[in-house]
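The values are calculated or read from the model by the stated rules, or taken from the named source; none is laboratory data. What you are looking at is a predicted structure, and each value in this text was computed from that prediction instead of being measured. So basically every Cβ, Gly included, is an ideal-geometry build from the backbone, and we count neighbours across all protein chains shown. Note: areas computed on protein heavy atoms with side chains; ligands, DNA, RNA excluded. Shrake-Rupley method; radii C 1.70, N 1.55, O 1.52, S 1.80 Å.
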Amino acid sequence: MASARAVHRGAGPKGSTERCYDDRPGVGEPVDQRTKYVFVTGGVVSSLGKGITTSSVGALLRARGYRVTAVKIDPYINVDAGTMRPYEHGEVFVTDDGAETDLDIGTYERFLDVDLGRGNNITTGQVYQAVIQKERQGAYLSQTVQVIPHVTDEIKARIYEVGEAAHAEIVLVEVGGTVGDIESLPFLEAIRQMRFEVGRDRSLYLHVTLLPYLGSSEEYKTKPTQHSVAALRGYGIQPDGLVVRSKTPVPDESRRKIALFTNVEGDAVFSAYDADHVYAVPEMLEQQGLPRLLERHLGLERVTPELRVWQDAVRVLRQPEERVSIGVVGKYVAMPDAYLSLMEALKHAGIANRAQVDIDWVSAEAVADGDVDQLAAFDGVLVPGGFGVRGIEGKVLAARFAREQRVPYLGICLGMQVAVIEFARHVAGLEAANSTEFDPYTPHPVVDLMPEQLEVEGMGGTMRLGSWPMSVQPGTRLADVYAVRLEHGGGTGTGAGGTVHERHRHRYEVNPRYVARLRDAGLVVSGVTPGMSGRGEGLVEAVELSDHPYFVAVQSHPEFTSRLMRPSPPFTGFIRAAVALRRARAQAVAS
Ligand code: GLN
């Protein structure tokens, strides 16, 4: 068996957040007899929104109370996404169990409202690593090790294991890449075999394609879809349903034509036309009856879905009561996908405040080059996570601007480290303070490598990763914003403090040797790792300023656990403060 492990929480019926292993009848039966599989493939071009389609199908199933998990297959040879450049590949998403995954895992978590884990992102690298390791250990003694059956068996075992670990009723499997790519072949072969193994009524193939519109002849062109289905059929897979991406709803005539040429029934061709908001996609597919196809084909009961969260969110996004503009000072400003979870967390927090959040990407290098004044246009400044020295001084200046101008500030990971550097330099009098990541010879290493990182060799999966506890100090702003979670987790209401968990991805920390100096100068340490030293004080997990409308910075990445249904507290507080500033400014102008 594969060594993949899937952590799967919060997948109880109808949005319950409890572990779901035993809460439905029949869990004692062998899971593999009941689990159903929905395979999603993509054709014609990449970046079609397969992830959103898969997630929306999941959301529609979850809205019906099904226990669902999702697997993303990435046909690249990297073992995980952790070593890839966010600028090319988008954000590296981090799960509770510390896996560094493709950003689609984050989309699944947000749409399905479940916590996924290492096993949910399968890559070619992992599969071959496992097969080669087994071969060296003698697991295939005397055999010739081949793509079929050894590699395909390993892929199937991993998919089955994810479903079993999650006790899932339905497993969504999204095959990355485009049909026809050389590298996705073993995966297509594996999912072809899976239908053979589990049967037709327990497996459904959904193919996502593009319907281009030709301006010159003013019509939608179905040929690319026809070709892509033909290619898929060449691998032995006849899709049961098609999701067709297009600019506007697909006209009936094109739908009929597609059905005729692809052997897919007309009512199994769905139109995923450009939406004003991604949260509108589940409802769009619901309206067209996509769940009917799943019910019919997989023998699922007909259940009335609970889609209120999605409908409410879309309503707020279409008719917000407030509007704020947030400046995100980062490095990858030309590639918003590099900060996908962050944008989503801001959106969730906006919706919770009935506000539209306009995100402006500010180049940290431009700020460093002197363009600090542009920050005056924002109702809040956010410095997100990041690595490397490029743009650092701009981020330090952004933190300084927010502190001095009393503009709401949210610092995430690196955003907390630069806030501490800024405070050390300009308030605590520690001239030239820095992180040793950026200046190994700084006289005041207020941010330094964590001791356990000194021994680390190699680059994959070696940071401090995954979910770690944070002890929130009573009476702080942080305790205030986390009150909602603390009430469920042992704290006793507003401001009382307690322990929360957030996901991490970092190598550096605030240097414990400087904590007392920084505190004496007025920095509030509002979150620490529980009980890591004799003084009951561990790593600095969060800092804030007391004499400021909202200056909160955390070492973790709370954006990874933000959900539409449960927005992240530090983000909600940040947007609330930004709304207040916006109102105050409007009032000042009016009077
Ligand atoms: N580069 C910093 C560190 O490794 C911050 C990491 C981050 O922002 N994710 O600690």
Here are the criteria: (1) more than 16 Å from the ligand (Cβ to nearest atom); (2) closer than 25 Å to Thr561 by Cα. Tell me which single one Ala366 does not satisfy. (2)
Can you name every residue in the stretch 425-444 that is within 13 Å of the ligand (Cβ to nearest atom) and either among the basic types (Lys, Arg) or within 17 Å of Pro512 (Cα to Cα) (or both)? Asn434, Ser435, Thr436, Glu437
Could you pull out the residue among Val243, Val179 that is β-branched (Val, Ile, Thr) and modelled with pLDDT of 95 or more? Val243
Go through the stretch 392-438 and count every residue that is assigned to a loop (DSSP other than H, G, I, E, B) and buried (at least 24 other Cβ atoms within 10 Å of the Cβ). 2
Cβ pairs under 6 Å, 6+ apart, first in the stretch 376-387 and of a type in the set (D, E, K, R) and part of a loop (DSSP other than H, G, I, E, B), second within 13 Å of the ligand (Cβ to nearest atom) and open to solvent by 10 Å² or more (accessible area, probe 1.4 Å): none
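Condition check ((1) modelled with pLDDT under 95; (2) under 26 Å from the mean Cα position of the chain (by Cα); (3) within 16 Å of the ligand (Cβ to nearest atom)) across all residues:
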{"residue": "Thr494", "(1), (2), (3)": "yes, no, no"}
{"residue": "Arg513", "(1), (2), (3)": "yes, no, no"}
{"residue": "Leu518", "(1), (2), (3)": "no, no, no"}
{"residue": "Ala577", "(1), (2), (3)": "no, yes, no"}
{"residue": "Leu581", "(1), (2), (3)": "no, no, no"}
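Please specify each residue of the stretch 89-102 satisfying the condition of being within 12 Å of Tyr339 (Cα to Cα) and of a type in the set (D, E, K, R). Working first, answer last.
Restricting attention to the stretch 89-102, the residues satisfying the condition of being within 12 Å of Tyr339 (Cα to Cα) are 89-93.
Passing the criteria: only Glu91.
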Scanning the stretch 116-159 for residues that are surrounded by fewer than 17 Cβ atoms within 10 Å (Cβ to Cβ), at negative phi and in a loop (DSSP other than H, G, I, E, B) gives Ala139, Tyr140, Leu141, Gln143, Thr144, Val145, Gln146
By residue number, the members of the stretch 528-545 that are at pLDDT below 95 and more than 16 Å from the ligand (Cβ to nearest atom) are Val528, Pro530, Gly531, Met532, Ser533, Gly534, Arg535, Gly536, Glu537
Filtering the stretch 139-175 for residues that are over 22 Å from Leu188 (Cα atoms) and among the basic types (Lys, Arg) leaves a count of 0
Within the stretch 97-114, how many residues are in contact with a strand residue (DSSP E or B) (Cβ under 8 Å, 6 or more places away or on another chain), modelled with pLDDT of 95 or more and not aliphatic (A, V, I, L, M)? 3
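Do you know which residues across the stretch 547-561 are within 16 Å of the ligand (Cβ to nearest atom) and over 15 Å from Ala483 (Cβ atoms)? Outline the logic, then answer.
Step one: list which residues in the stretch 547-561 are within 16 Å of the ligand (Cβ to nearest atom), which gives 552-561.
Those that are within 16 Å of the ligand (Cβ to nearest atom) and over 15 Å from Ala483 (Cβ atoms): Ala553, Val554, Gln555, Ser556, His557, Glu559, Phe560, Thr561.
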Filter the stretch 199-229 for residues that are modelled with pLDDT of 95 or more and of a type in the set (A, V, I, L, M, F, W, C) and give the result. Leu204, Leu206, Val208, Val229
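Does Glu393 satisfy the criteria of being within 16 Å of the ligand (Cβ to nearest atom) and acidic (Asp, Glu)?
Details: within 16 Å of the ligand (Cβ to nearest atom): yes; acidic (Asp, Glu): yes.
So Glu393 passes the test.
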If you go through Asp181, Asp201, the only one that is touching a helix residue (DSSP H, G or I) at 6+ places or on another chain (Cβ under 8 Å) and farther than 21 Å from Leu116 by Cα is Asp201
Just the residues that are within 16 Å of the ligand (Cβ to nearest atom) and more than 24 Å from Val524 (Cα to Cα), please, taken from the stretch 456-474. Val456, Gly458, Met459, Gly460, Gly461, Thr462, Met463, Leu465, Gly466
